Each structure stands twice: as C-alpha cells, then as structure tokens.
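Heads up: the structure comes next, in structure tokens.
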Amino acid sequence: MLLCLAVIASGVALRQIDRIHFARRRPRAVGARELIALQRARANNVTPAFLLAGQWLQVTGWWLLAAHGPLAAAAAALGVAVQFRHLQELSHFAVHGVLARTGRANRLLAEVLAHLPLGLAPVAVRRRRHVRDHHPHATLAADPNLEELRDAGLRAGAGRARFALALLYPLTPRGIRTTVTTIAANVHGSPGRVAAIAAVLATAYLTGGPAALVYGVLVPRLLLYPQLAWCSLLAEHTWFDPEPRTGSPAWVEAGRCLRLYPRNRVLAALAAVTWLPYGDLYHYAHSAHPSVRWNYLPALERHLGHPHFTPSGLLWGSAPVVRRHRDALMPGPVAGTAAPVHPARAT
C-alpha cells in the first residue's frame, strides 16, 4: 500500500516541474497579448514531457493499488478515470499548439502519451474537429459538440426521463456502445493504434493483475472517464440558449460560455483536480483566447471578468447548469403570452 501511494506521490511531484516553470513571475491579471508573449518565452519541449510522464506514473500507482481489495479497486477506477480525463485535457492544449514549444512536439506528445493509449482519434482529426469545426461555431448548428449532445437525447421537447438519461449518457447501454464503437473506429486499420491499446492492457495486468486490468483500464476507460468528459462538455457552454452577439471574441464568448463555482473556492479547486483539469474550469477565457496556455487562464479571466452565466453548480445550487439546459429545451411559451425571464438573466 505504501508503495502505491509513493508512486502516486512521485507522479504528482513530477508534474510540478512544468507548473513551477510556467508559474515564475506570473502576473495576477493581464491581457492575452502579454500572457502569450510570456508563455512563448518559457515554451519548451521538456517540461511537458515530465508532465505527461507524471500522469502515467500516477496511473501506475493506481494500478498497483487496485489489487488491494474491493475498496482499493473502486478508488483505483476513479483515480485512473481522473488521470485519463487529465490526459485528454493536456492533449487538448497540444491540439491548440501550446502544450510544448514546437508543433512536432505537440503532436508527438499528444499522440504517443494520450491519443494512442486511450484509443482516441488521431491528433490531426481532433484538431480539425475541435479547432476548425467547434471553436468558431460553438453552440451553433455547425458545432459537432452540439450535434453530439443532441444525439444523446438533449433535444427540444425532451421529457424529464429522457433528459435525465442524457445527462448520464456515457453510462447508458447506448452510450457504452457508442464509446466502444468509437474506440474501434479510431483504431481500425491501424496496427500501431491497436498495439498501443494492447500495451496498456498488458502493462496494467503485469503491474496489478486482473484487478488492475478491469478496474484500472476497462472500467475507467469505458465508463467513468467518458462520464467525467461528458460532465465537462455540459459545463462548457449555454448550449441551447446562447446569446447571439457580434464584436470582440471576449464579448461573443461571454454570451455563450459559463463559469462554474465563481464564488466557491473549495468546489472550484475540487473540480480543477478532477473533472475540470488544466484550465477547463476557465473555459470562457480559453474560448475567448484559445492560444493561451492553461497556466495563464486565471490571470486572463481576472482581466476579462466573467461571462454572463455563472452558476453555482452543475446539478444543484442557484440556477445550476442542468436546470438552464432543461429550461432551454422546454417548449416555448404559448403565443400571446410573455416569455418567462430566466433566473440567470434576471437583474
């Protein structure tokens, strides 16, 4: 047990090399131009490699822990799912070209240490889908993420049961089938991608036995990690009732983004180390300026301010995210009656 914890702690420590490198003399609140200049001056290809290696070292620690009984296996499943979520978000910043210094390093680190072992689509495909198709069209009909939400059942007029199931879509039989078929499609025709997944399965088994294979790979990859990523997607935008705006990127994104836990530091910190890692909590600042590395998004957010919707929670609290989504998908008011004022827009 002590060895497991030591390996996990070593992974956490290894990740701090990158954080400390980019944290030096970081301003508290400043615009994107100054932050991009600062991150370019500190950009390198070494500390990001330590960062990703630290994530996998933590995964190894959880694999070791999985063999220590049912409670340890359950903890390992959740711990690995969180690390997979972190790897997804790190590769997201690589897709934007700000994880490492060079484009080649961004592609190589994301592909070898995230996309290949997790069975994700090739980095080039994700870049096209995310950078070209999502960012300019967020919450619009052309946004592939909005299409994904609708395919899961989040459509206008959806009943309460269907809406509730859509919130847990990755855990439903249809959602699990989608996860499996997506992984299969991502690796189809590529022996290298199949070999990468086989290597992860074999390494997990050799590290922690059958428990690590089941609770350290299969359960987190097929169930828990997809649900964490799904919750993150739900909390990125006001998907179904964005405010149409024109003007600066910050002004446009303020009308279609949201910011969770703006006044609760404890919940914000918990989210940042679990399901909204590496800047995903600051999605508004990222959407306004996608070229800013996650280390500097808090400073950018303090410069920009908050978007128009700042819910206190995903499921609960004052005007939570899911309630807003539910209200937006409800049928409109009967003709001739006044439309209700959404709580998040009331002044």
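Out of segment 235-258, which residues are among the hydrophobic types (A, V, I, L, M, F, W, C), crowded, with 18+ Cβ neighbours inside 10 Å and assigned to a helix (DSSP H, G or I)?
If the condition is that a residue be among the hydrophobic types (A, V, I, L, M, F, W, C), crowded, with 18+ Cβ neighbours inside 10 Å and assigned to a helix (DSSP H, G or I), then 250, 252, 254 are the ones that fit.
Being out of contact with any helix residue (DSSP H, G or I) (no Cβ under 6 Å at 6 or more places or on another chain), among the hydrophobic types (A, V, I, L, M, F, W, C) and in contact (Cβ under 8 Å) with a residue 12 or more places away in the chain is the filter here, so list the residues in segment 253-267 that pass it.
254, 258, 260, 267 - these are the residues of segment 253-267 that are out of contact with any helix residue (DSSP H, G or I) (no Cβ under 6 Å at 6 or more places or on another chain), among the hydrophobic types (A, V, I, L, M, F, W, C) and in contact (Cβ under 8 Å) with a residue 12 or more places away in the chain.
If only one of 126, 101 is of a type in the set (D, E, K, R), assigned to a loop (DSSP other than H, G, I, E, B), closer than 23 Å to residue 290 by Cα and out of contact with any Asp or Glu (no Cβ under 7 Å at 6 or more places or on another chain), which one is it?
Numbers: 126 fails: assigned to a loop (DSSP other than H, G, I, E, B).
After ruling out the rest, the residue left standing is 101.
What number goes with the only condition from (1) touching a helix residue (DSSP H, G or I) at 6+ places or on another chain (Cβ under 6 Å); (2) surrounded by fewer than 18 Cβ atoms within 10 Å (Cβ to Cβ); (3) not aliphatic (A, V, I, L, M) that residue 85 does not pass?
(2)
Determine, yes or no, whether residue 41 is closer than 20 Å to residue 291 by Cβ, without any contact (Cβ under 8 Å) to a residue 24 or more places away in the chain and surrounded by fewer than 20 Cβ atoms within 10 Å (Cβ to Cβ).
yes
Kindly indicate the residue of segment 27-43 that is assigned to a loop (DSSP other than H, G, I, E, B) and of a type outside the set (Val, Ile, Thr) and also nearest to residue 102 (Cα to Cα) among those meeting that condition. Outline the logic, then answer.
Within segment 27-43, the subset assigned to a loop (DSSP other than H, G, I, E, B) is 27-31, 43.
So of that shortlist, the ones also of a type outside the set (Val, Ile, Thr) come out as 27-29, 31, 43.
Details: 27: 24, 28: 27, 29: 27, 31: 23, 43: 9 Å.
Only one residue fits best here, namely 43.
Restrict the check to segment 16-26 and report whether at least one residue is in a helix (DSSP H, G or I), in contact (Cβ under 8 Å) with a residue 40 or more places away in the chain and more than 19 Å from residue 109 (Cα to Cα).
yes
Do any helices (runs of 4 or more DSSP H) entirely within segment 259-320 hold 3 or more residues that are among the small types (Gly, Ala, Ser), and if so, which?
In segment 259-320, 265-273, 283-288 are the helices (runs of 4 or more DSSP H) which contain 3 or more residues that are among the small types (Gly, Ala, Ser).
Examine segment 133-140 for a residue that is among the aliphatic types (A, V, I, L, M) and more than 25 Å from residue 15 (Cβ to Cβ), and state whether such a residue exists.
Within segment 133-140, one or more residues are among the aliphatic types (A, V, I, L, M) and more than 25 Å from residue 15 (Cβ to Cβ).
Suppose we filter 157, 192 for residues that are in contact (Cβ under 8 Å) with a residue 60 or more places away in the chain, in a helix (DSSP H, G or I) and surrounded by fewer than 15 Cβ atoms within 10 Å (Cβ to Cβ); which single one remains?
192
Every number in this text was worked out from the coordinates using simple rules, so none of it is lab data. What you see is a predicted model, and the numbers here were worked out from it, not measured in a lab. Note that we place each Cβ from the backbone using ideal geometry, even for glycine, and neighbour counts take in every protein chain shown.
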